[in-house]
Amino acid sequence: IYTVDNDNIEAAKLATQHLIRLGHKRIAFVHLPLSYFTAKDRVEGYRQALMEAGLPFRRELLLEVKGYYGAEVGYRAFLSLLERLKEPPTAVLTMDDTLALGCLQAAAEKGFKVPDDLAVIGFNDSAFSAHCEPPLTTVRIFADTLALYAADMLLRLVQGEVVMPSRITVPTQLIVRKSCGAMR
């Protein structure tokens, strides 16, 4: 099987480690269904970071959302976390920046000050991420690089070449902005 993808395990691990270094211990993760390999890998990276830091992997801090990644879905997800948890999370990692945007909105409406009461991290470094309030910490993926590698691999396969390696993994980058704040 031929694939080109982000290093999703390492990306989620990097984001979670950043939150842990800032002193967060109750880190929620809003993710897509685990039937999506991206979601499964990112949850694994989150789990690995917690375990390596000696923190428990608590399933109640995971929230699976279905359907489109919209801000409305992120908004409802944060409210759902508040309803079902005895103690609110001190940080939320999301699968996408639009989910994070919804979490930011719900948190503000519920009286949370970001980043003082709650840190939020998204994924993708969307165009709005640097311009929302507060500016969103996010994991940048390099979509152009992914597309170039995938197109090259596909063209070579169509031409009958043996393509090695058959799996290309593109690194990501944590972009630290104000939605995480300083050391707690």
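The values are calculated or read from the model by the stated rules, or taken from the named source; none is laboratory data. No experiment lies behind these values; they were computed from the predicted model shown. Ideal geometry is used to build each Cβ from the backbone, glycine not excepted, and the neighbour counts take in all protein chains shown. What goes into the accessible areas is simple: the full protein's heavy atoms, side chains included, and nothing from ligands, DNA or RNA. Shrake-Rupley method; radii C 1.70, N 1.55, O 1.52, S 1.80 Å.
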Worksheet entry | Per-residue ³J(HN,Hα) for region 67-83, Karplus 6.51 cos²θ - 1.76 cosθ + 1.60, θ = phi - 60°, Hz, x for Gly and Pro | x, 4, 6, x, 4, 4, 5, x, 4, 5, 4, 5, 4, 5, 4, 4, 5
Worksheet entry | Helical contribution to [θ] at 222 nm, DSSP H n ≥ 4, -39,500 (n - 2.57), averaged over the chain, rounded to 500 | -13000 deg cm²/dmol
Worksheet item: Taking only Cα atoms, what is the 0 to 90° angle, nearest 10, from helix 143-158's long axis to the longest principal axis of the chain?
Response: 30
Discussion item. Give me the 1.4 Å probe accessible area per residue for region 104-184, excluding ligands and nucleic acids, in Å².
Written reply: 58
Item to complete: Would you work out what percent of the accessible area of the chain, with all protein chains in place, is carbon or sulfur (probe 1.4 Å)?
Response: 56
Worksheet item: Which net charge results when you count Lys and Arg as +1 and Asp and Glu as -1 among the other residues whose beta-carbon is under 12 Å from that of Leu50?
Response: +4
Worksheet item: What ranking, highest mean first, results for peptides 172-179, 56-63 when packing means the other Cβ atoms within 10 Å averaged over each residue?
Response: 172-179, 56-63
Discussion item. Starting from 0.36 nm per residue, how many nanometres of slack lie between Leu174 and Glu133 once their C-alpha separation is accounted for?
Written reply: 12.9 nm
Worksheet item: Non-local amide H neighbours of Val120 (under 5 Å, H modeled in plane, Pro and chain starts lacking H): which ones?
Response: Val92, Cys180
Discussion item. Could you tell me which residue out of Val114, Leu99, Tyr69 lies farthest along the dipole of region 1-125 toward its positive end? Charges go on the beta carbon: Lys and Arg +1, Asp and Glu -1, centred on the Cα centre.
Written reply: Val114
Worksheet item: Remind me, what semi-axes does region 1-91 give for its equivalent ellipsoid, largest first in whole Å, using sqrt of 5 times each Cα gyration tensor eigenvalue?
Response: 21, 19, 10
Worksheet item: In nm², what is the average projected area of the convex hull enclosing the Cα atoms of region 1-157?
Response: 9.7
Discussion item. Checking the cross-link filter: which lysines have an alpha carbon closer than 27 Å to that of Lys110, excluding same-chain neighbours under 8 positions apart?
Written reply: Lys25, Lys66, Lys86, Lys178
Fill in: Electrostatic dipole magnitude of region 1-109 [Cβ: Lys, Arg +1; Asp, Glu -1; Cα centre; debye, to 20]
420
Fill in: Contour minus Cα-Cα distance for Glu72 and Met164 (0.36 nm per residue)
28.9 nm
Worksheet item: Counting Lys and Arg as +1 and Asp and Glu as -1, each charge on the Cβ, what is the dipole of region 97-152 about the Cα centre in debye, to the nearest 20?
Response: 120
Practice prompt. Taking the Cα centre of the chain as origin, work out the dipole magnitude from +1 charges on Lys and Arg Cβ and -1 charges on Asp and Glu Cβ, in debye rounded to 20.
Written response: 600
